[in-house]
2 protein chains.
Amino acid sequence: MIKKYIPDSLINTDAVVVDINKEDFDFSTSKLDIFNIHKEENKLILEYDMPDDEVVYGLGENIRGINKRGHIYNSFCSDDPCHTEEKSSLYGAHNFIILSGDEHTGLFIDSSSEVTFDIGYTIYNKLKITVRYDNCALYIIHNNSDLEIVKEFRKLIGQSYVAPYWAFGYQQCRWSYATSDAVRCVLKKHKENSIPLDAIYLDIDYMDSFKDFTINKENFGDFDELVADMKKDNIHLVPIIDAGVKIEKGYNIYEEGVANNYFCKDKDGNDFAAAVWPGKTHFPDFFKEDVRVWFGNHYSDLIDRGIDGFWNDMNEPAIFYSENGIKKAFDTLDSYKGKDIGVYDFFGMKDAVLHLSNSREDYSSFYHTIDDKKVCHIDVHNLYGYNMTRAAKEAFDRNYPDKRFLMHSRSSYIGMHRYSGIWTGDNQSWWSHLLLSMKMMPSLNMCGFIYTGSDIGGFGCNSTRDLVLRWLAFGLFTPLMRNHSALGTRDQEAYNFGDTADFKNIIDLRYSLIPHIYSEYMKAVLRDDMYFKPLAFVFDKDRHCREVEDQLMIGDSLMIAPVYTQNVTGRYVYLPEDMLYINYTTNGVKQYKVLTKGHHYIYVKLDEVPMFLRKGHAVSFVKPAANTTKLDTNNLELVAFMDKDSSLTYEFYEDDGISKNYSLDKITNITVNMDAEGKATIGECKKNIKLITRS
Amino acid sequence: MIKKYIPDSLINTDAVVVDINKEDFDFSTSKLDIFNIHKEENKLILEYDMPDDEVVYGLGENIRGINKRGHIYNSFCSDDPCHTEEKSSLYGAHNFIILSGDEHTGLFIDSSSEVTFDIGYTIYNKLKITVRYDNCALYIIHNNSDLEIVKEFRKLIGQSYVAPYWAFGYQQCRWSYATSDAVRCVLKKHKENSIPLDAIYLDIDYMDSFKDFTINKENFGDFDELVADMKKDNIHLVPIIDAGVKIEKGYNIYEEGVANNYFCKDKDGNDFAAAVWPGKTHFPDFFKEDVRVWFGNHYSDLIDRGIDGFWNDMNEPAIFYSENGIKKAFDTLDSYKGKDIGVYDFFGMKDAVLHLSNSREDYSSFYHTIDDKKVCHIDVHNLYGYNMTRAAKEAFDRNYPDKRFLMHSRSSYIGMHRYSGIWTGDNQSWWSHLLLSMKMMPSLNMCGFIYTGSDIGGFGCNSTRDLVLRWLAFGLFTPLMRNHSALGTRDQEAYNFGDTADFKNIIDLRYSLIPHIYSEYMKAVLRDDMYFKPLAFVFDKDRHCREVEDQLMIGDSLMIAPVYTQNVTGRYVYLPEDMLYINYTTNGVKQYKVLTKGHHYIYVKLDEVPMFLRKGHAVSFVKPAANTTKLDTNNLELVAFMDKDSSLTYEFYEDDGISKNYSLDKITNITVNMDAEGKATIGECKKNIKLITRS
């Protein structure tokens, strides 16, 4: 049951796709549903006393735990690569939470403005939410299950983006493979080491001077040949597209944008200029439909050359500095010159330079045109990356109506989940970030972002062999499985740490599981369900599950428990019920053991992956292959854990993986029957199934 | 068995106090003991292939685990408050490691220069150590026990600093209590809430313009009265002393230093100037004995006014900027002015300002006089804080020969452990830093630093109620138990989070345990033993213990297992043998339960502290009191875990806590006998003992 409340007006975010009448409610009263409310200046404050054992879920892409208690979060899309514990904002703004205790309440704050969630940070048991009174809609959902609240919410915001099947293959990225030879080398090394691969990314250096929709002729002069050569090996090239458009006379995108008034304006009505990678740029005003059409159509500049996947970056938008900002910084620095600089002056000096980037001042100094009105960027900041990505997706749908494209974006707002996936931004090669990325997954799923994953091995800093292996062993379960690392850091491709067999073994498991992962993914998308679930969403009567944050459910059948600590041979695992422990080990060998409900310590070598299958459920494997095109789903190995004298149905979703002809009709129900003696048989099925059962 | 090797020459660090003849060894050969060696330019390289299950211990104050494998560490004392996983250097340089596998090898690299330990970072199983060929001594220790190697090493480097008894009380710090009223308020609040306290710290604002050995007359005009008033409540004031001396005509320390040539020189022989808190400063050349005498004697400026504890800070030394550095930065910035600044220029600009502080260039631009020779600071950088602290301790010993002072230092080198403790520097209010501080403790103990602890609650960033409570519940076991937070962060004193009973309960346990903690501390100091031990140092046959890094042994009797995760009600604990689980809970109530060897999940509320007592061992408690002066050790509660028909001896060390009349003679052996029926009695003992036994 969803109720909608709007205190005043609302800049339409298009997050919600279902028309719900707003409640007739008097906001001058002090109570709205379970929340105490009041107005402070232009802010609406919602407060709530959290019982000790209540869990707060949600907030999508964010730091900290699955349970968001004990911190303060600020929805303000931020390009900040240092995701340490004290941060309040990452790249996305995902204002959906669930208060889960004896009662279950979902709350979506739909606002293009900043929203602050103080969840027991200032006062231990007090929730305090602050949002602009004149720019928000509140959706409150009551249900007796957290998962059902998610499903209701997801229905409200519309079906999640569907990625092509090949996008479930292993993907390799680096900032940057700066030449076509470097790209070819990645493929060559994968082939030499028999490590599967489906995609290689092009970071900013493939462009001519970082100009969107151009190719660097010097280093990628053979671009078309490169695309064609990659295709022969079923490798997709995935170029990056940045939000800012370089100011350069004669550059078509720039010229078109200027001529047609497509760019954001400064206060005087001139095209707003700020520096990002290409130097001075203008920012397309993606809130205007004609701008979205124009920019979106330009993706075809690359699609026409054989590209079918993109990632949209720097679209918070990141701003290194503005003309105005740098002038002020120089003025500040000049004021210190020749003086005896005191220490506080010195810190002032440092700040003048450090705070140049992504400043609120810059975000307050340019304007969009929304419904013919001039709107300051700061009021719709959180929707910018969303609308950039929407431009692309609308163009894909318009120009290639029956084809799926890979697309993920760095910045996002709820609503964008209909247009693309996201990656979790510029993380670091830290063990803590492997754990953090695990915790982000179910939160993202709650907010509609199902096609997602973190930069495996960590983007910034140098990674090590064991960290990449452990991260792969988690990443193999994420829909987006991409290894990515930054300029100046150690090469962290799977073939760069010696003894590639360990890496191959883990990536092989990914390919072996792709049909199952894709099936679980598609069912989650089509049913508004979650692919990654907190344990407590499945075992909602088990109080202990509420605080297990280092294990995740994939769908309803499989539990994973990745190792995220250095120099250990294993980890603790909690089983909410008896489960089949599938230990995937060296050379792709799977070992099976029934473990009883409770706490266990399991041993996990660097090339191993533990999985836990629920009773009454099954998981399917195929033979790994060099890429997704070569996977054979007519021959399945089905592992089922079931009681004697029982039967189960494994719902296997399968489609062509590229057209939009997807629906729940594509599910094949595979039935397994086990008799009282433990002999198992497969029900009628067109597939060739090798059955492995335990009971 | 210790062997000493010197490839070439060595700047004497005074780390080692035992005279050992150096081995007659030909460094042109390729093998030294277990290490492959070679020379590369002016570097000596030691390499070693680590078996898969070998653990590498040591490196004192550092990031990462107790097992140092999988990272690269660089001994170069660094003022860097952001202790993230990728960092290689913190404030100390502690070049001692133990390779622990089937064989056990200790290695101390005594060098005033930078030393790099690549412990399976570049190549997974390869240890590679790089040190200046012409400035190192290598000490190699073989033994069949890690703990015995530590003891041999500790004997080599001399007995650790002994803190006064009052320094085991709870200590409260903040940057800053800026007025004497603020200091009084801390005490008042502690009294009002009946939370014990022994010390309040004065951070830099107590000084006049951050000038060492001065008092800010405006805010601490009643300094003498303040000291006296605090004394009435047995509160010790602990002022900070910084390394740099403000350049200010008429300021006595400056004038004396200039007149007597006490400061470090630049390349032209002028007193080297760089900016720190006071603005432009000179740095005393603590390598000269006359400078140590002069600076050390000035601590009496404060001691004479009733002070008996200090902390030495900024003694890496931290340098915000040098004249030269800031000129270059301005030149760089000027070169960009008016230009169309490209993005790489922009990063250059940022770097020019960011890299001003603590630059290698500055450290290479000033000089010490050592044995009448001019030595560049960079070659002895790691000894600077050590020698500053030595100056103080030598003065204390000279001027107050029979009195102990509290002293801890931020920067350190092995050898300084004889002169003071250390705190673990400017950490953050991160849960990961609570765990990190736990892991640092045994590593520090190996290197001789027994009186140590981390800033409870975290120094930088804002803390939360639960984080402070969990951190206290660990910090109560560290010899130095200090709550400390930075300027601009939330007040995190124990009375600032509401419901102070939880805080009182945990700090009360500290006071209840102080006699036991002090006893264990003194035995560790006097026996060259460790106070905090990795589990594997006690249970060396138990392979699993080698990877348990979130539990620690205190001495040989008590195991602790602090909670370091937010939003949990408990944690896993591994018991290497049957133990008595002592659950300290609300209102100081202790619950007892025998737990069997193996893995357990225990529940720990925010005001609770779990402890685990080994069989055949005992732990003593006293009644908590408002401060250490009021603790009554004539009445002990002795908790013993023992088999029926057995006896045990509890070694209880006790002395006057302030004089240097300490020795192992001060141990009282308390014997507990249990008969076959489980009835327990105390052997002859002058104390009044309440006996609690379990078997």
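At a Cα cut-off below 18 Å, give the lysines reachable from A:Lys151, other chains included and same-chain residues fewer than 8 away excluded.
Cross-link targets: A:Lys3, A:Lys4, A:Lys523, A:Lys533.
Using unit Cβ charges (K, R positive; D, E negative) and no other charged atoms, how large, in debye to the nearest 20, is the dipole of the protein assembly as shown about its Cα centre?
Here the protein assembly as shown has a charge dipole of around 2200 debye.
So for the stretch B:137-287, taking the charge dipole from beta-carbon charges (+1 Lys/Arg, -1 Asp/Glu), which of B:Ile240, B:His142, B:Phe168 sits furthest toward the positive end?
B:His142
Of the peptides A:406-412, A:52-58, how do they stack up when ordered by the mean number of other Cβ atoms within 10 Å, highest first?
A:406-412, A:52-58
Which one of B:Met611, B:Ala391, B:Ile129 has its Cα pushed farthest toward the positive end of the charge dipole of chain B, where Lys and Arg give +1 and Asp and Glu give -1 at the Cβ?
The one lying farthest along the dipole's positive direction is B:Met611.
For A:Lys373 and A:Asp397, what is the calculated FRET efficiency with R₀ set at 30 Å and r taken between the beta-carbons, to the nearest 0.05?
Step by step, r from the Cβ atoms, then E = 0.65.
Which parts of the stretch A:59-75, residue by residue, lose 10 Å² or more of accessible area when the rest of the protein chains are there, as against the chain isolated (1.4 Å probe)?
Residues of the stretch A:59-75 that lose at least 10 Å² of accessible area once the other chains are added: A:Arg64, A:Asn67, A:Arg69, A:Gly70.
Distance from the Cα centre of the stretch B:92-110 to that of the stretch B:214-240, in angstrom?
When both Cα centres are located, 44 Å separates them.
Can you give the mean number of other chain Cβ atoms that lie within 10 Å of the Cβ atoms in peptide B:426-434?
Per-residue shielding by partner chains comes out at 2.
Once you have the alpha carbon radius of gyration of chain A, what is it after dividing by 2.2 N^0.38 Å, with N set to its residue count?
The value comes to 0.96.
Among A:Leu226, A:Ile195, A:Ala182, which residue has its Cα positioned farthest towards the positive end of the charge dipole of the stretch A:168-265, with +1 placed on the Cβ of Lys and Arg, -1 on the Cβ of Asp and Glu, and the dipole taken about the Cα centre?
A:Ile195
Over chain A, with the other protein chains present, what is the accessible area per residue in square angstrom, probe 1.4 angstrom?
33 Å²
What's the angle, to the nearest 10 degrees (0 to 90), between helix B:323-336's Cα axis and the longest principal axis of chain B?
Rounded to the nearest ten degrees, it is 70.
Any idea what the B:Glu684 label distances to the other copies are, label 7 Å down the Cα→Cβ vector, nm, shortest first?
When each copy's label point is compared with this one, the spacings are 9.4 nm.
Roughly speaking, to the nearest percent, how much of the protein assembly as shown's 1.4 Å accessible area is carbon and sulfur?
46 percent
So, R0 is 51 Å and r is the distance between the beta-carbons of B:Asp301 and B:Ala501; what FRET efficiency does that work out to, to 0.05?
0.80
In Å² (nearest 100), what accessible area is buried between A and B, both sides summed, heavy protein atoms only, 1.4 Å probe?
Chains A and B together bury roughly 5500 Å² of accessible area.
Label position 7 Å from Cα toward Cβ: report the copy-to-copy distances for A:Asp52 in nm, one decimal, ordered from shortest.
4.6
What trypsin sites (Lys or Arg not before Pro) in the stretch A:259-316 are in a loop by DSSP, with at most 13 other Cβ atoms within 10 Å of the Cβ?
Listed in order of number, the matching sites are A:Lys267.
Give a quick list of chymotrypsin sites (Phe, Trp or Tyr not before Pro) in the stretch A:411-515 that DSSP marks as loop, anything other than H, G, I, E or B, with at most 10 other Cβ atoms within 10 Å.
Sparse-neighbourhood loop chymotrypsin sites (Phe, Trp or Tyr not before Pro): none present.
Please give the contour-minus-distance gain from B:Asp542 to B:Glu637: 0.36 nm per residue of separation, less the Cα-Cα distance, rounded to one decimal in nm.
31.0 nm
Rounded if a/c is under 1.5, else prolate if a/b beats b/c, else oblate: with a ≥ b ≥ c from the C-alpha gyration tensor eigenvalues square-rooted, which is the stretch B:521-694?
Rounded, since a/c falls under 1.5.
Give me the angle, in degrees from 0 to 90, between the Cα long axis of helix A:501-526 and the longest principal axis of the Cα atoms of chain A, rounded to the nearest 10.
Between helix and principal axis, roughly 80 degrees.
For the stretch A:479-517 and the stretch A:627-648, compute the distance between their C-alpha centroids and round to whole Å.
The stretch A:479-517 and the stretch A:627-648 have Cα centres spaced 24 Å from each other.
With charges only on Cβ, +1 for K and R and -1 for D and E, what is the dipole size of the stretch A:31-149 about its Cα centre, in debye, rounded to 20?
Once rounded to the nearest 20, the dipole reads 220 debye.
Of all beta bridges DSSP finds with both residues in the protein assembly as shown, what is the antiparallel percent, to the nearest 5?
Among the beta bridges of the protein assembly as shown, antiparallel pairing accounts for roughly 75 percent.
Please label the shape of the protein assembly as shown as rounded, prolate or oblate, based on the square roots a ≥ b ≥ c of the eigenvalues of the alpha-carbon gyration tensor (a/c under 1.5 means rounded; beyond that, a/b larger than b/c means prolate, else oblate).
Note, shape of the protein assembly as shown comes out prolate.
Assuming R0 = 41 Å, what is the FRET efficiency of A:Thr629 and A:Tyr592, from their Cβ-Cβ distance, to the nearest 0.05?
Calculated value: 0.85.
If you put a point 7 Å past Cα along the Cβ direction, how far is that point for A:Asn673 from the same point in each other copy, in nm, smallest first?
The answer, with the shortest distance listed first, is 7.6 nm.
Relative to a virtual label point 7 Å from the Cα of B:Ser663 in the Cα→beta-carbon direction, which members of the stretch B:382-404 show backbone nitrogen distances below 20 Å?
Under cut-off, by backbone N: B:401-404.
On a 0 to 90° scale, report how tilted helix A:180-192 is relative to the longest principal axis of chain A, with both axes built from alpha carbons and the result rounded to the nearest 10.
10 degrees
From the Cα gyration tensor of the stretch A:2-157, with a ≥ b ≥ c the square roots of its eigenvalues, which class applies: rounded if a/c is under 1.5, or else prolate if a/b is larger than b/c, or else oblate?
Verdict is rounded for the stretch A:2-157.
Quick check: the distance between the Cα centres of the stretch B:301-375 and the stretch A:544-595, to the nearest angstrom?
Cα centres, the stretch B:301-375 to the stretch A:544-595: 50 Å.
The values are calculated or read from the model by the stated rules, or taken from the named source; none is laboratory data. Fair warning: this is a prediction, and the values are worked out from it, not measured in the lab. Quick reminder, even Gly has a Cβ in these numbers, built from the backbone with ideal geometry, and neighbours come from all protein chains shown. What goes into the accessible areas is simple: the full protein's heavy atoms, side chains included, and nothing from ligands, DNA or RNA. Shrake-Rupley method; radii C 1.70, N 1.55, O 1.52, S 1.80 Å.
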